[in-house]
Structures are given as structure tokens and as C-alpha cells.
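The values are calculated or read from the model by the stated rules, or taken from the named source; none is laboratory data. Remember, predicted model here, so these are calculated numbers, not experimental data. Note that we place each Cβ from the backbone using ideal geometry, even for glycine, and neighbour counts take in every protein chain shown.
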Amino acid sequence: MENAFTIAAYVVAAILFILSLGGLSGQESAKRAVWYGIVGMAIAVLATLIGPGAGLSGASIVLIALGAAVGYQLATKVQMTQMPELVAIMHSLVGLAAVFVGFNADLTINMVSAAKEAGDALDGTFALLVAKKTPVEIGILRVELVLGVWIGAVTFTGSVIAYGKLAGKVNSAAKQLPGGHMLNAAAAALSVVLMIAYLGGAGSWTLLLLTAAALFIGYHLIMGIGGADMPVVVSMLNSYSGWAAAAIGFSLGNDLLIVVGALVGSSGAILSYIMCKAMNRAFVSVILGGFGGGGGEQMAVEGEQIAIDADGVASALEEADSIIIIPGYGMAVAQAQQNVAELTRRLRARGKEVRFAIHPVAGRLPGHMNVLLAEAKVPYDIVLEMDEINEDFPDTDVAIVIGSNDIVNPAAQDDPNSPIAGMPVLECWKAKQVFVSKRGKGTGYSGIENPLFFKDNTRMFYGDAKASLGELLNRIS
Amino acid sequence: MKIGTPKEIEAGEARVAMTPDSARALQKLGYDCMIESGAGVAAGFADALYAEAGVEVVDSAEALWSGADIIAKVREPQDSELARLATGKTLISFFNPGGNAEGLEKARASGANVIAMEMVPRISRAQKMDALSSMANIAGYRAVIEAGNNYGRFFTGQITAAGKVPPAKVLVVGAGVAGLAAIGTSTSLGAITYAFDVRPEVAEQVESMGAEFVYLDFEEETQDGAATGGYASVQSEEFRNAQLAKFREIAPDMDIVITTALIPNRPAPKLWLEDMVAAMKPGSVIVDLAAQQGGNVEGTVKDEKVVTDNGVTIIGYTDFASRMAAQSSTLYATNIRHMMTDLTPEKDGQVVHNMDDDVIRGATVAYQGEITFPPPPPKVQAIAAQKKEKPKELTPEEKRAREVAAFKAETRSQVTLIAIGAALLLAVSLIPGMPASFMQHFIVFVLSVFIGFQVIWNVAHSLHTPLMAVTNAISSIIILGALIQIGSSNGLIIFLSAAGVLMASINIFGGFLVTRRMLAMFQKS
């Protein structure tokens, strides 16, 4: 099914994909890198279409065109704040495609063995390939396709649920059916049993049942994870979609699928690791859902939250020389990034130093805030990472917290019993004055009281972030 | 109980430790007040004013010392006064306990309790009774006024019809309380003011008062003012040389120099040497506020004003506060009153000499027949200790050793990982009947994972969202699987493959387009 030409094309495509990922190390090179990815994909698809492997090329092209139209709509219509949802739902498509391809492989195996017994002729390149395999190779092929289907199914339902939670269509709180992780464990055990049965030749029904178990695991696992952990979940699903592609690559004997699957899989794994580290949590505890209980009573928070109106914030900003803005998910929800950017432009025009401090897990997707700020045309060189800016807070006149909570919670450093103890946080309370733009007095996603709001130098600027900042803009010209 | 204030017997001392106002406040604490006739006259408070405030005016010092239980005065007591102390009496006064061992012994022998006003600890709570600071404030102000009195020109620059007048240039050495007061006075008179202090952390205070801080070109471990209770301490030789060189450089430009550098219980450091005095313009004025302890300036004569050969006036008065007796008496009497408030917790006119109180304990130098000087260090640090941020400098050997250790640890962890990886690979290959075709694919897989890890670590944090979109798009490479399978004779297979092709292509186009959209937004300022 592969001739020298397709293999050569695959090598070129693989190299382009690697360059594409490597190019994301900087904003400028990234613009080139995305083209490498596009060209690589085009080469891979074209080579497969015109190579000897494919049949029904005409239909395929029509389908691709159709997919292109849908994809174009999605990509151009999506709001930048909805990025997490889009990424999640796209993962689900990869997962489902992997499941289908896996099913096909199983069907083909059955078809081939039936044809062999009947002595019929085979058509279809993949069927011919399968027909050439030895029984051992067929066995391995089955292991691979089971893995591909299983991972693909988990990715599919998991991504759908993650999409639902991010889009607000499913309650984002951690929820589980009675039985909790026992159900997951039971489903996993069932999967193993079914896999053994399937490999033992029990027939295709075991594969279907196994898929059902995997779909359940994906659903239940992600339902049990709270909204604040979504960055980890999304990158984990990203990783899974890669591993699913790699497993399918094995079963189809296609090296390009293996290479790309492995690249995507390891990329997602590293992202998950970075996100977990930023929250100071073990990967397992995130996946198992819910915050681990601390070893004792949490510190009681004393004092009261003092409110301030737009006039107060405006006059403080007038006097400040250095300002750091800490955006969070609340800014994304309120679509306030344009107002934030406008405020930044006006303050910068007056010669004030305005910078942004981005916590690694701010928002619901790795790098979410950067994308939103970039959309609003905030120059990326004033948008800094936590480690770059954390030491500058003591020299800062005003810190503005917009819709973030846990990532600026001093309890992570002060209170060893806090559920987020040890999580690296932005030390905004060291600034001379802190304004917190927040909808109400509620707690963050982790449900923890934030002592920052009670500090002497903190003033609460209540209200929807977009509206509050709009009022502020009326007062600062 | 009765509080009495005698007339100061030191020649030229015009201050008084009780004013009519402070007497009224003391009476509210439950005390009766006495004053020696004529004690306040020099400070502008006549006997009649005291009488009006309800103070008993007595004729002689003897009557006062015998009648009062608590004696409040200004200057350190002389022998004749110490002789009048007795058990049960309390003396509140400047005492100079560090340089007055003889007087301290006499006070102890008398059995009286003695509170030395200069020993009030420098903590926030005790600021209201810190007489050194209130007197230093006056001295600083007065130093500028004295300088102006002897300086034949304007402080402020003016452009008049009769010509242009340049502003005076004033240098204040030592930015303690007196120094800061001098800086404030000088800038408000319009002079260009420079200030120097060995503690660079006061530069901010200096600049807040409107003066320019004179920095040295000198790198040394800066001293921590907190360790010495906010006072300067002795400097190293190199530092001193750098300091003198700087002074030498700016001396010819300065019209007025006010030196306030004092180190507790030591002779004042000589900072303004003869050659600097000689370098100054004729008509310039130097005010040496450290004259009491020998002076910062070479050529200072204590309590006198001298004019050098090149026409520079050096003022060595030690009685600046006394020269503003009305003001200084008011402030000092208030300090005393605050001390009495702390000594009278019940406001019932009875002294409770609480030796567990940091402030009272610190200021008490003789208590019930015992010398209680020097006091133990206060429990509360005067100034929050500066954060020691700089990690210890490593010697080259230590650095080297650390690098070697880090290198070894890295090597070890890498070798371990490689060994584990190799063992796993070997284990897979040893599975009976493992076909070579699988192993080929497996190698490709392992290498790709390896490349993935190498590449992804370099991705910028801010590009994580584009990274996810790109990986999402390229994971749709699974479309190849569907494309291969679609050419089958089985209808179900064709259907599933077609669905796979459709979904994957949505993903490809959507993923790449959205990535491009995002990346186009990242802009540099």
C-alpha cells in the first residue's frame, strides 16, 4: 500500500510537523511554524490520496472539502474567549475518528478471515495488507486497535464533557455518580477483561462493549473534575488524542501516524505536567478530581472586604507610576479584554508603566490569557509570566486583579492547612495598593476564602469586569 | 503626689521642664504641680502664668526639692542637686548616664529613682516621650537660622532689577532627626540642599524632604540601621576615605555646611577637615551640631563662633535648643508629660514604676538603690530589620564543586532513564514471537516521543493555546487511516471511514485556521 513516493512524502511531512512544534518557541517564529504544519498536512493527505493506498479518492475529496467548510466556519466565528471550548470539542472529533478507524480495522480483519475461508478474492488496499499478515501479527494488530479504540473513546466523551463544562452547558462543579472512583475502576477492570476476551477471539461484540466502558470512563472521569482544573484536563485530552492516533498508526502500520501521534501525545503530557506544577498538585490528584483535604483547620480570615467605586480607582491610577494587571478567568467570562487593553493604552500614553502578570493556570486553557490580551492588541512584551514579575510587586504602586482568585490567594503561602498550600501564586498583595474587580463576594473555583480581599491595602471593585472597566474608562482620558 | 520643676542652674540654660499647659495636663493625671519662682522666665513663662494654671510657685530651690515627690528638669543634675535627692523621690531629667558615672553613683546612694530622658528607647510607642528627637528637631531648625544669621546672602535665588542672585548651596551631613529638620528648613528657605548620610537607606527620606542625596562611589556591604537602633555606627577606613574624597570634591561649591554626625557614646567623627574648610569661599558658614562631643569639623570651638583666616564662620554652639527656649520648653514639657502618663496608668496621681515596661525600664538608670544602666536590649526592634536578600557569595571552588555535583546528578539521572528505557525496549522485543515489523514501528514511536519531549519544552508559555490548537490540528493526521480504509468493499467500513475523514478534516482546517488567527494577534509594542 505504500510505495517509495508516499514514504518520502511522509518523511517530509514528519519533519515539517516537528519544525512546526519547535517553531512555537517564540511569537515571531510561530507565525512561520503554523505554515510548516499546514504544508506538512497537505503533503501527507495528497500523498495518501494519489498514492496507491487509497480508494474512492473522489468521495474523499468531497468529504475533505465539506470538512474544510465546517472547519472554516468554526475557526472564523469563534470568540477568543471560547477558545477552550473549541479546542475541547476538536479533541472529541479526533477521538471519535480514532474509534471509527479502529472499528474498521476490526471489521477488515473479520472480513479478511471470512474471505480466506470462503476462498474469495479481496479488494481494498487495507484488506490486502491485512491478508498478508501472519497470525501473530494479526494478534498484535488487535492489541493496537483495542488500545486505539479505548483511548479514542475516553478522549471522545471526556472532551465532550470538558466542552460542556467550559461552555457552561454542564455544571462545572466536580460531580460524580454514587460509587465515585470505584465506578471508574470497575469500568477499567471490565475493559481489561473484555480486551482479553477480544484478543482470545470472542468476537466483535466485546470490542463494542469495551468501547461503551471507555465512553463511560471518559464521561465520568471528567465530570468529577472541577472547573479550575480544566487547563490540566484539556491538555491531558490533547495528549490522549495523540496517543490514540499513535495506536491507530501501529495498527495500520503507518509511520507518519505514529510520529505525529507521539509528538502530540508528548506535547499534551508536558503541558499537563506544567499546569500541574503551576498548581502544585500531583497529576493523579487532579485526575481523581476535587481538592485534596488539608491536614487541619484552615486559618480563619479576619477583617472585612472594603468596597471602592470607580472614582476611587481612577484617582489611584492617576497617581500611580507603576501598575500591574492580573487577569483571570473572570476577565474572559465578562469579555473585558478590550476594555483592559484600552485602559492599558491610556495609562501607557500618560507615561505610566503598565504590565500584565500571567499565572500559568489563569483561565481555562494553557496560555488562555495571553491569547485574549493579544486579541485585544496588548503588546506581548508587557505581558509577563509569574516568575518574571513576581519579585516586582513590592515596587509597584497599584495591582489590579481582574477576575482571578485562587492564583492571587496569599493563603497558599501563609496557611499550611489551606487546600492550595504551596501552590505558587502571584504576590500582588505586596504592591502598595490592590484593586480587585470581582462580581460579588463569592469564593473562587476551589471554594476557598481569599485573605487577599481582606487585606488593608486591598479595595474591592465590585461589578461585572467589563462594566466596571467601562466606567473606569469614562474617568480616565 | 507632687511634681516639681526647679530653675535650671546651668549657666545660659533657658529651658524649663514644665509649662503652664503641661502643668494643666499633669493635674488631670491627678498630680499637684510646683515650680520654683522664676524657673520659666527665660523661656517666656512668668510665675503668674503658672499660678494661673494652678501651679504652686515656691521661692527657693530647697523648698521645691523637699516638697516635690517627682522632680522634672532639663539639664543633667549637678552635685548640689543630686545631694537633695532622697529615697522615695523620682528624678526625670537628661542625665548622660554613659558619661556620668559619678553622678549615677550619687543618685544610687541617695535611693532615689532616676529616669534619664535620653535613654527612652527608640520604638514607635515611645516616640511621644523621645526628648532627644524633639530637641534635635529644634537644633536642626536653629542651625539653619544661625547659619542664615551669619551668612551675608539670600538663601533663595532671585532675579531682581538689581541683578541676579544665585541660590545658596547647603550641605547637611548626617540625616538623623536634626539633619532632616535642617534639610526641611533649608529647602523651605529656598536653598539648594544636599545631604549625606552613611546609611544609604535614608536617601529616600532625604529626597522626600526636597534635598539631593550625595552618593559615594563606593561598594560596601551597606549597614543595617536596624541593628543599631536607627543610629549610624562606625565606618570602615575605606568608606571613610571615599566619604572624605567626596566632601573634598564638593566643598568649594558649598555656601553653608551643617554637620550633625553623632555616634552614641563616642567622640564625634571628624568629617570636615581643615583643607575642606580652607577650600570654602569666604563668607561661607559651617554649623557644627556635634560640638558637644568634640565636633565634626576641624576648627570647631565648643560654645563659640570662630572665623577662619579665609573668612569661613564656624559655629560651635551647643545650646541651640536653649536658644529657642519657648519652643523647646513646650516640646520637652510635653515629653515629660507623656512620660508621666505612662508612669500613671490609673490616672490617680500615684507613680507606678513598672520595670517590666520596655520604655520605663529602658529609661530608668537608678532604681531603689541600684544602678539599672545600661538597660537590657529592648524586646521590640526600633526599625524592622532589612530583609537579607542577597544569597551568600560563593567562592570559585564552591561554585565549581556545585557545578560538578549538578553535572554528576544530571548524568546519573539521564543514565538511569536511558537504562530504564533500554530495558523496556528489550523487554518488548523479547516477547516470544514479536515480529520485526512491529519493532520497526515501535522504534519510530519511541524516537518520536523523544523528539516531542525535546521540542515541546522550548515552547513559550504564552503560546500554549496556539500549541494546543496546532497539535489538535495535526493529530487529525488520523485522516490518513480513514483515507486508506475508505476503499473497501464493505459498506459499513466505507461509512465509518467517510465519517472519520469528515471529522478529521473539520479538525485540520479548524485547527490550523484558528492557530493562524491567534498568532496574527500577537504583536510587539
Qualifying positions in segment B:321-341 - surrounded by fewer than 19 Cβ atoms within 10 Å (Cβ to Cβ) and of a type in the set (D, E, K, R): B:323
Whichever residue in segment B:130-180 is modelled with pLDDT under 85 and polar (S, T, N, Q) and, among such residues, is nearest to residue B:250 (Cα to Cα): B:158
Only one of B:462, B:437 that is touching a Lys or Arg at 6+ places or on another chain (Cβ under 9 Å), at the interface with chain A (Cβ under 10 Å from one of its Cβ atoms) and among the polar types (S, T, N, Q): B:437
Yes/no for residue A:217 being surrounded by 15 or more Cβ atoms within 10 Å (Cβ to Cβ), at pLDDT 85 or above and closer than 19 Å to residue A:284 by Cα: yes
Elements of type helices (runs of 4 or more DSSP H) in segment A:164-262, at least 3 residues being closer than 19 Å to residue B:481 by Cβ and touching a His at 6+ places or on another chain (Cβ under 8 Å): A:230-252
Search result, residues across segment A:424-451 that are modelled with pLDDT of 85 or more and out of contact with any Cys (no Cβ under 7 Å at 6 or more places or on another chain): A:425, A:426, A:427, A:428, A:429, A:430, A:431, A:432, A:433, A:435, A:436, A:437
Selection from segment A:78-88 of residues that are more than 14 Å from residue A:231 (Cα to Cα) and either crowded, with 22+ Cβ neighbours inside 10 Å or in contact with an Asp or Glu (Cβ under 7 Å, 6 or more places away or on another chain) (or both): A:80
Top-ranked residue of segment A:41-75 - restricted to ones that are more than 7 Å from chain B (Cβ to nearest Cβ) and under 19 Å from residue A:91 (Cα atoms), ranked as modelled with the highest pLDDT: A:69
Members of segment A:77-99 found to be assigned to a helix (DSSP H, G or I), of a type in the set (Val, Ile, Thr) and within 7 Å of chain B (Cβ to nearest Cβ), listed by number: A:87, A:94
Residue in segment A:119-127 that is in contact with a helix residue (DSSP H, G or I) (Cβ under 9 Å, 6 or more places away or on another chain), without any contact (Cβ under 8 Å) to a residue 12 or more places away in the chain and of a type outside the set (A, V, I, L, M) present: yes
Residue count for segment B:24-67, restricted to those that are within 26 Å of residue B:112 (Cβ to Cβ), free of Cβ contacts under 8 Å to residues at least 40 places away in the same chain and part of a helix (DSSP H, G or I): 5
Residues of segment A:333-387 satisfying the condition of being out of contact with any helix residue (DSSP H, G or I) (no Cβ under 7 Å at 6 or more places or on another chain), part of a strand (DSSP E or B) and either within 21 Å of residue A:235 (Cβ to Cβ) or small (Gly, Ala, Ser) (or both): none
Some residue of segment A:343-358 being under 16 Å from residue B:466 (Cβ atoms) and either modelled with pLDDT under 85 or not aromatic (Phe, Trp, Tyr) (or both): yes
Enumerated helices (runs of 4 or more DSSP H) restricted to segment B:98-197, each holding at least 1 residues that are under 26 Å from the mean Cα position of the chain (by Cα) and surrounded by 20 or more Cβ atoms within 10 Å (Cβ to Cβ): B:131-150, B:177-188
Unmet criterion (only one of (1) under 56 Å from the mean Cα position of the chain (by Cα); (2) closer than 29 Å to residue A:249 by Cβ; (3) at the interface with chain A (Cβ under 10 Å from one of its Cβ atoms)) for residue B:417: (3)
Test: residue in segment A:315-324 that is aliphatic (A, V, I, L, M), under 29 Å from the mean Cα position of the chain (by Cα) and modelled with pLDDT of 85 or more: yes
Filter result (within 12 Å of residue B:26 (Cα to Cα) and charged (D, E, K, R)) within segment B:343-381: B:347, B:348
First in segment A:56-78 and without any contact (Cβ under 8 Å) to a residue 40 or more places away in the chain, second anywhere and hydrophobic (A, V, I, L, M, F, W, C) and surrounded by fewer than 19 Cβ atoms within 10 Å (Cβ to Cβ), Cβ under 6 Å, 6 or more apart: A:57/A:49
Some residue of segment A:117-124 being more than 9 Å from chain B (Cβ to nearest Cβ) and in contact with a Leu (Cβ under 9 Å, 6 or more places away or on another chain): no
Pair list, Cβ under 7 Å, 6 or more apart: segment B:198-219 residue part of a helix (DSSP H, G or I), other residue modelled with pLDDT under 80 and of a type in the set (Val, Ile, Thr): B:200/B:222
Complete set of residues in segment A:193-241 that are within 13 Å of chain B (Cβ to nearest Cβ) and over 18 Å from residue A:251 (Cβ atoms): A:230, A:231, A:232, A:233, A:234, A:235, A:236, A:237, A:238, A:239
Qualifying position, being within 18 Å of residue A:43 (Cβ to Cβ), facing chain A (nearest Cβ under 7 Å) and surrounded by 24 or more Cβ atoms within 10 Å (Cβ to Cβ), among B:497, B:488, B:475: B:475
The one condition in (1) modelled with pLDDT under 85; (2) within 7 Å of chain B (Cβ to nearest Cβ); (3) more than 14 Å from residue B:513 (Cβ to Cβ) that residue A:29 fails to fulfil: (2)
